[in-house]
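Visitor: First, the structure itself, so that you have it in front of you.
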């Protein structure tokens, strides 16, 4: 076992759970954060080196306390995965204002809270890695996804600034922008509104995303675009936004 630790939000399911279990198998001490206590226990089952923290990432004080306890009891934080997120969908008119605020609070403010809490010890040691989960939706807006898109656009902008502010430090910063991934997060879309554009390509596996993160960190690359064709979508959005919107509206029948 290494004396270093890895802190992971959204560790109660999906990408966060897989990242926690992968890093635990690699020998790290894991601080697994989520509001879902049952999910956290399932993530930690069979692993002596996964410690669970039922934590709301929208609570900066609670997040800071967990970071401090992790550093004290599990060892210096080597890597952070900001994977907590929610994705309820619907038209702007139909989605309650509280949902808009909650999506931003978790998907974006949660990233800020964790980043602010971990930066001091990482900068003091001048080493470490921060992985922020955005989405290709952080570049490509579409109907029914205003709340989610806005939160992920915010994560993209925040992480890009974070990366460049630390160009002269020995920190690695990655902003992960995958297409739809086969995780329980997609069920939130199924439970609200399922955009037809989600059916236009195969959904990728969570492990493919995590492998792409490792590769990008090794190469000190800011943006991670897992999956075949994802980077092409990013380029299309930059070069041909009108054509993309025309195609989206045609697919959705609007």
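Visitor: Report the residues of the stretch 66-99 in range of a label on residue 190: point 7 Å along Cα→C-beta, backbone N strictly under 16 Å from it.
Guide: Answer for the stretch 66-99: 87-89.
Visitor: Can you give the Kirkwood hydrodynamic radius for the stretch 98-236, in Å, rounded to one decimal and based on Cα pairs?
Guide: Details: mean 1/r = 0.0635 Å⁻¹.
Result for the stretch 98-236 stands at 15.8 Å.
Visitor: Angle between the Cα long axis of helix 14-25 and the longest principal axis of the chain, 0 to 90 degrees, nearest 10?
Guide: Once rounded, one gets 30 degrees.
Visitor: Seen from all sides and averaged, what is the projected area of the convex hull of the Cα atoms in the stretch 89-140, in nm²?
Guide: 4.6 nm²
Visitor: Calculate the length of the line joining the C-alpha centroid of the stretch 204-241 to that of the stretch 86-144, in whole Å.
Guide: Taking the Cα centre of each part, the stretch 204-241 and the stretch 86-144 sit 18 Å apart.
Visitor: On C-alpha positions alone, give me the angle between the axis of helix 110-125 and the longest principal axis of the chain, in degrees, nearest 10.
Guide: Between the helix axis and the principal axis of the chain, the angle is about 40 degrees.
Visitor: How would you order 194-205, 45-56, 112-123 from highest to lowest mean count of nearby Cβ atoms within 10 Å? Display every interim value, and only then the final one.
Guide: Numbers: 194-205: 14.6, 45-56: 16.7, 112-123: 19.2.
Packing order, densest peptide first, comes out as 112-123, 45-56, 194-205.
Visitor: To check my understanding: the extent here is largest minus smallest coordinate of the Cα atoms along each principal axis. What are those three numbers for the stretch 122-189, in Å, largest first?
Guide: Computed over the Cα atoms, the extents are 42, 21, 15 Å.
Visitor: Using helices alone, I'd like the mean residue ellipticity at 222 nm for the chain: each DSSP H run of four-plus residues gives -39500 (n - 2.57), total over residue count, nearest 500.
Guide: Details: 10 runs with 119 residues, N = 254.
So the helix-based figure for the chain works out to -14500 deg cm²/dmol.
Visitor: If I take all pairs of Cα atoms in the stretch 5-252, what percentage of them are more than 32 Å from each other? Write down the numbers at each step before the final one.
Guide: Numbers: 5270 of 30628 pairs.
When every Cα pair of the stretch 5-252 is considered, 17 percent fall beyond 32 Å.
Visitor: Under 10 Å, Cα contacts only: if you run a Gaussian network model on the chain, which one of 213, 92, 30 comes out with the highest mean-square fluctuation?
Guide: 92
Visitor: On a 0 to 90 degree scale, rounded to 10, what angle separates helix 146-165 from the longest Cα axis of the chain?
Guide: 50 degrees
Where a number appears in this text, it was derived from the coordinates with a stated rule and is not lab data. From a predicted model like this one, the values you see are computed outputs, not experimental measurements. With ideal geometry, Cβ positions are generated from the backbone for all residues, glycine too; neighbour counts draw on all protein chains shown.
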